[in-house]
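All remarks here apply to the structure that follows.
The values are calculated or read from the model by the stated rules, or taken from the named source; none is laboratory data. Given the structure is predicted, the values throughout are model-derived calculations rather than measurements. Ideal geometry is used to build each Cβ from the backbone, glycine not excepted, and the neighbour counts take in all protein chains shown. Accessible surface areas use protein heavy atoms only, side chains included; no ligands, DNA or RNA. Shrake-Rupley method; radii C 1.70, N 1.55, O 1.52, S 1.80 Å.
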Amino acid sequence: MIRKLQQLEKAARALEPAAGKRKKTRDKVIAYGEDFLNRIETLKAYDYTEEKGIRLLDSPVSEEPLTIDQVLDLLKCNVDSHGLNPASGGYLGFIPGGGIYYSALGDYLADVTNRLAALFFGSPGAVRMENMMIDWLAGILGFPETAAGNLTSGGSIANLIAVVTARDAKGIEPDNIRKSVIYLSQQTHHSVQKAIRIAGLKECILRYVPLDSAYRIDAGELESAIRSDKENGLNPFLVVASAGTTDVGAVDPLERIGDIARANGLWFHVDAAYGGFFIMTAEGNIKLGGIEKADSVCIDPHKGLFLPYGLGAVIVKDMNSLRNSHYYLAAYLQDAQGENEEISPSDLSPELTKHFRGLRFWLPLKLLGTKPFIAALEEKLLLAKYFYREIKKLGFETTCEPELSVVTYRWIPKTGKADDFNKRLAEEVMKDGRVFISSTILDGKVTLRLAILSFRTHLKTIRLTLEILREKVGMLER
Ligand SMILES: *Cc1c(COP(=O)(O)O)cnc(C)c1O
């Protein structure tokens with residue numbers, strides 16, 4: 001047995017590379033990252049290719065190891081040169097990404113030290129750090145100190161946690177589910193519908209509240225819908241508003257919806273996945289006024305705080321509601337109970353063991369302070385205004401003034417169908433690849449969107465976009 005153990009130990013030793021080997025591998029990885037960052041200005045925002053990295057499949061996982069050079073080559077040829085490049089400032093479609101470098105270093109440290117951020121007992125420091133970041137988020141949203149929350153992998157899970165919490169806090173059970181009503185809008189992000197289904201609430205009545213001309217929930221319509229539902233013996237329990245819709249960046253009237261929700265005993269959830277961090281700017285602070293009335297908020301640091309993908313957050317005003325829906329006492333974790341000074345993430349989310357994501361959030365904020373983030377957010381708001389002004393000058397039709405950093409516009413061609421033209425225009429811009437824009441359907445019409453949210457998007461990028469649009473329109477009109 002001892003001999004066998006010794007053999008196995010020797011064979012498994014490759015799992016712990018020695019310092020020299022670590023350095024060699026690490027240097028190559030860092031060089032790859034540096035090469036990517038040094039070329040970021042010239043890399044395409046969208047790589048339109050036929051093969052889409054299919055050759056990656058020619059190299060399946062096997063018993064035999066590859067060298068770091070071979071592996072990085074696979075990555076470069078099959079992953080980092082096809083499709084969207086969310087690290088590029090030219091990525092202006094959907095909701096842009098980014099990827100603050102210091103977060104990558106935070107991830108590196110979190111992975112090397114591999115702290116158990118799930119439980120206070122396991123890593124009091126990691127849990128304190130995550131809770132501190134939650135408190136910081138609660139603070140910028142104007143929530144009281146009693147609020148709690150969870151750092152999630154993204155906004156979809158944050159919305160799910162909020163919907164589950166609302167369901168339990170409002171006592172939605174099989175016997176009343178069919179009479180229970182959720183209010184939302186056609187502009188609500190689809191992750192909310194997904195959350196409703198996953199939370200077992202698909203039998204609830206979904207009321208899509210009519211919108212005003214700027215695609216915001218009409219608060220008067222919401223109020224009368226709730227009134228008539230109550231008169232009809234239904235059970236209104238949840239209203240979901242958006243602080244920045246994905247399509248047009250519209251902010252629902254949070255102040256009024258908050259008052260209506262409170263007066264009628266509804267849970268008020270605000271999806272601020274995209275727009276939440278604009279509250280740190282003077283202009284955004286006014287536009288998002290009333291968000292502090294929410295019972296729960298979803299906010300995505302991997303969008304509005306420019307962090308690399310993998311960080312969302314849910315903040316819930318009443319910690320007990322959040323905890324009641326998510327805690328569990330497992331027998332095998334009894335040693336981990338004890339005297340906990342701080343609540344553990346595992347009591348506030350479906351996860352147990354998880355990535356120590358607080359570190360990728362904390363590190364850039366500590367190294368940079370909040371000022372450059374606020375400046376970048378202000379810059380995005382102003383760039384959207386600039387693009388809106390200039391795109392009109394080029395002769396495009398615009399839908400409404402940008403409330404945050406999304407602009408919607410379309411070209412009306414001299415002849416032919418405008419919908420087809422705008423689809424072709426989006427395709428041409430995509431094939432060009434220097435910038436990436438996306439399209440949507442507004443009022444039944446194909447409409448182009450420009451979403452500005454990357455910390456790498458600057459005036460130069462927007463000028464290039466205008467130039468490309470002018471050029472492609474000219475080409476298609478010919
Ligand atoms: C992006 C987005 C989501 C989903 O967040 P993920 O982080 O992509 O899961 C939810 N709501 C809104 C308004 C969004 O923009």
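At a glance:
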| read-out | value |
| --- | --- |
| Cα-centred dipole magnitude for the chain, charges only on beta-carbon of K, R (+1) and D, E (-1), debye, nearest 20 | 1000 |
| Relative contact order %, the chain, counting alpha carbon pairs below 8 Å whose residues are six or more apart | 21 |
| Surface share of carbon and sulfur [accessible, 1.4 angstrom probe, percent] for the stretch 14-170 | 59 |
| Inter-site label distance for Ser62 and Arg39 at 7 Å from Cα along Cβ, in nm | 2.7 |
| Whichever lysines have a C-alpha closer than 29 Å to that of Lys4, once near sequence neighbours (fewer than 8 apart) are set aside | Lys21 |
| Loop-resident sites, the stretch 273-358, for GluC sites (Glu not before Pro), counting at most 11 other Cβ within 10 Å (DSSP) | Glu339, Glu341 |
| Under the Debye formula (equal points on every Cα, no solvent term), log10 I(q)/I(0) of the stretch 246-285 at q = 0.16 Å⁻¹ | -0.48 |
| Evaluated at q = 0.11, 0.16, 0.19 Å⁻¹: base-10 log I(q)/I(0), Debye formula over Cα of the stretch 205-309 | -0.34, -0.68, -0.91 |
| Sequence-distant residues sharing a close amide H with Leu238 (under 5 Å, placed H) | Val181, Tyr183, Trp267 |
| Relative contact order for the stretch 106-368, counting Cα pairs under 8 Å that sit 6 or more residues apart, in percent | 29 |
| Calculated [θ] (222 nm, deg cm²/dmol) that DSSP helices of n ≥ 4 give over the chain, each run adding -39,500 (n - 2.57) | -13500 deg cm²/dmol |
| Per-bin percent of Cα-Cα distances, the chain [10 Å] | 4, 18, 25, 25, 18, 8, 2, 0, 0 |
| Positive-pole candidate from Tyr108, Trp267, Leu206, dipole of the chain, charges at beta carbon | Tyr108 |
| Cut-off under 5 Å, modelled amide H: who pairs with Leu84 long-range | Asp47 |
| Sparse-neighbour loop sites [trypsin sites (Lys or Arg not before Pro); the stretch 2-86; at most 11 other C-beta within 10 Å; DSSP] | Arg39 |
| Highest average packing first - 412-424, 176-188, Cβ atoms within 10 Å | 176-188, 412-424 |
| Rounded to whole Hz, the Karplus (6.51, -1.76, 1.60) HN-Hα couplings of the stretch 7-24, x for glycine and proline | 4, 5, 4, 5, 5, 7, 4, 4, 5, 10, x, 6, 3, x, 5, 4, 4, 4 |
| From phi via Karplus (6.51, -1.76, 1.60), per-residue ³J(HN,Hα) for the stretch 241-258 in Hz, x at Gly/Pro | 10, 10, 10, x, 6, 5, 5, 10, x, 6, 10, 5, x, 5, 4, 5, 4, x |
| 5 angstrom amide H check on Gly149, placed H, neighbours 5+ away | Val316 |
| Filtered trypsin sites (Lys or Arg not before Pro), the stretch 250-297: DSSP coil and at most 15 other beta carbons within 10 Å | none |
| Whole-number percent relative contact order across the stretch 204-301, with pairs defined as alpha carbons under 8 Å at least 6 apart | 25 |
| Entries of Lys52/Lys371; Lys44/Lys371; Lys230/Lys317; Lys380/Lys472; Lys170/Lys445; Lys24/Lys460 with Cα pairs more than 32 Å apart | Lys52/Lys371; Lys170/Lys445; Lys24/Lys460 |
| Per residue solvent-accessible surface (Å²) - the chain, probe of 1.4 Å | 49 |
| Under Karplus coefficients 6.51, -1.76 and 1.60, residue-wise ³J(HN,Hα) of the stretch 63-74 in Hz, glycine/proline x | 5, 8, x, 9, 7, 4, 4, 4, 5, 5, 5, 4 |
